[in-house]
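Student: Could you have a look at this structure, given as structure tokens, before my questions?
The values are calculated or read from the model by the stated rules, or taken from the named source; none is laboratory data. For clarity, every value in this text was computed on a predicted model and none was experimentally measured. Cβ atoms come from the backbone with ideal geometry, glycine included; neighbour counts cover every protein chain shown.
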Amino acid sequence: MTMYKIAVIGERESVLGFRALGLDVRFAADGEQARQTLHRLAQEDYAVIYLTESFSAACEAEIAKYKDVAVPAIILIPGRGGSLGVAEAALQSAVERAVGADIS
Amino acid sequence: MAGKTINPTRMELTRLKGRLKTAVRGHKLLKDKRDEMMKQFLDVVRRNRELRRKVEEGLQRAGASLSLAAAVMGPEMLEQSLLCPKARVSLDVDFRNIMSVNVPEYAFHTEAQQGDLYPYGFAQTSGELDAALDDISAVFQDMLELAQVEKTMQLLAQEIEKTRRRVNALEYVVIPEAQRNIRYISMKLDENERGNTTRLMKVKDMVLQDAHRYST
């Protein structure tokens, strides 16, 4: 069985602490940089990639691309400023997709 | 008839009846699959909400203690302390089958070199940093489960969408069309049968007329 790795992409202050756990932490200064990093990491053997919510808009295409495959899982986490509600919206859209209607 | 013409033959009728039977059975099975997946999906969504709230709270707390540590020690020192992590994390991915959807299950291994996870000496760092790292490692377990649940949710959503489309296609297109065609063929065959009978009666009349000059 392949051993996979876990990566965290985000602003320096938000994700610095994860380094101590032994995760692969990549800093991104802007959305473009985050997108490129994500693109590269998704093709390596990372099973879980955490991405801070602030970069989710810039990485939308990449996230959509890996949504329907089992590996990697791209998971949004709140950045330094707290939750932006992006993850909640993604959850809502998944429900909508499954049910075929907005049920909230 | 819907678009294409079909041959009103007995063979075609048998074939269509077989198809209708398969379609009805498939429809029932897919509908059951959809319902069961929906049930699972809603559970997963609920769990996802719960975990996300927990993770968000945990990260908030960790972020707060980390900035506290940065304030006490200075950002450069903080970064230096974390530069060289002691632990290494690797991840085992297993797949579980929920209604023919392969969803991942993660099991992670931390290879810490020594018992603790603090990758620095205690002389130049503050206690706040220790607390921050404790917070982060506490929230990480939840983060991993969140990843698993969220991926499961996405994969299930995709499969449910696909199944729903199939159910609808069978219910509203394939089955009605087969029924319509079967009705068409059987009516056509009945009509032929009646035509045949009338023709025979007519011929019989003519034959009788010829033979006996007998008329009805």
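Student: Would segment A:49-58 turn up any residue that is within 23 Å of B:A62 (Cβ to Cβ), aliphatic (A, V, I, L, M) and in contact with a Lys or Arg (Cβ under 9 Å, 6 or more places away or on another chain)?
Tutor: Keep residues of segment A:49-58 that are within 23 Å of B:A62 (Cβ to Cβ), which gives A:49-56.
Now narrow it down to the ones that are aliphatic (A, V, I, L, M): A:49, A:51.
Still in the running and in contact with a Lys or Arg (Cβ under 9 Å, 6 or more places away or on another chain): none.
Among the residues of segment A:49-58, not one is within 23 Å of B:A62 (Cβ to Cβ), aliphatic (A, V, I, L, M) and in contact with a Lys or Arg (Cβ under 9 Å, 6 or more places away or on another chain), which makes the answer no.
Student: When the residues of segment A:1-51 are filtered to those that are basic (K, R) and more than 15 Å from the chain's Cα centre (by Cα), which remaining residue is nearest to the other protein chains (Cβ to nearest Cβ)?
Tutor: Here is the first cut: in segment A:1-51, the residues basic (K, R) are A:5, A:12, A:19, A:26, A:35, A:40.
With more than 15 Å from the chain's Cα centre (by Cα) added as a condition, the list becomes A:12, A:19.
Details: A:R12: 8, A:R19: 5 Å.
For segment A:1-51, the residue satisfying everything is A:R19.
Student: Tell me yes or no: at least one residue of segment B:78-101 is surrounded by fewer than 16 Cβ atoms within 10 Å (Cβ to Cβ), within 8 Å of chain A (Cβ to nearest Cβ), farther than 20 Å from A:E13 by Cα and at pLDDT below 75.
Tutor: yes
Student: With respect to B:L20, determine if the residue is under 28 Å from the mean Cα position of the chain (by Cα) and more than 23 Å from A:V15 (Cβ to Cβ). Show your work before the answer.
Tutor: Numbers: under 28 Å from the mean Cα position of the chain (by Cα): yes; more than 23 Å from A:V15 (Cβ to Cβ): yes.
Considered against the rule, which asks whether it is under 28 Å from the mean Cα position of the chain (by Cα) and more than 23 Å from A:V15 (Cβ to Cβ), B:L20 comes out as yes.
Student: Let me ask you something else. Considering only residues that are facing another protein chain (nearest Cβ under 9 Å) and of a type in the set (A, V, I, L, M, F, W, C), which ones fall in segment A:75-91?
Tutor: A:I75, A:L76, A:I77, A:A87, A:A90, A:L91
Student: Would you tally the residues in segment B:1-48 being assigned to a helix (DSSP H, G or I), within 16 Å of B:K188 (Cα to Cα) and in contact (Cβ under 8 Å) with a residue 40 or more places away in the chain?
Tutor: Adding up the residues that qualify gives 5.
Student: Which residue pairs have Cβ atoms under 6 Å apart, sit 6 or more places apart or on different chains, and have a first residue in segment B:189-216 that is within 30 Å of B:R10 (Cα to Cα) and modelled with pLDDT of 90 or more and a second that is of a type in the set (V, I, T) and surrounded by 10 or more Cβ atoms within 10 Å (Cβ to Cβ)?
Tutor: Correct list of pairs: empty, since none qualify.
Student: Has segment B:127-141 got any residue that is among the β-branched types (V, I, T), more than 29 Å from the chain's Cα centre (by Cα) and not in a helix (DSSP H, G or I)?
Tutor: no
Student: Would you check which residues across segment A:52-74 are more than 13 Å from chain B (Cβ to nearest Cβ) and among the charged types (D, E, K, R) and list them?
Tutor: Scanning segment A:52-74 gives A:E60, A:E62.
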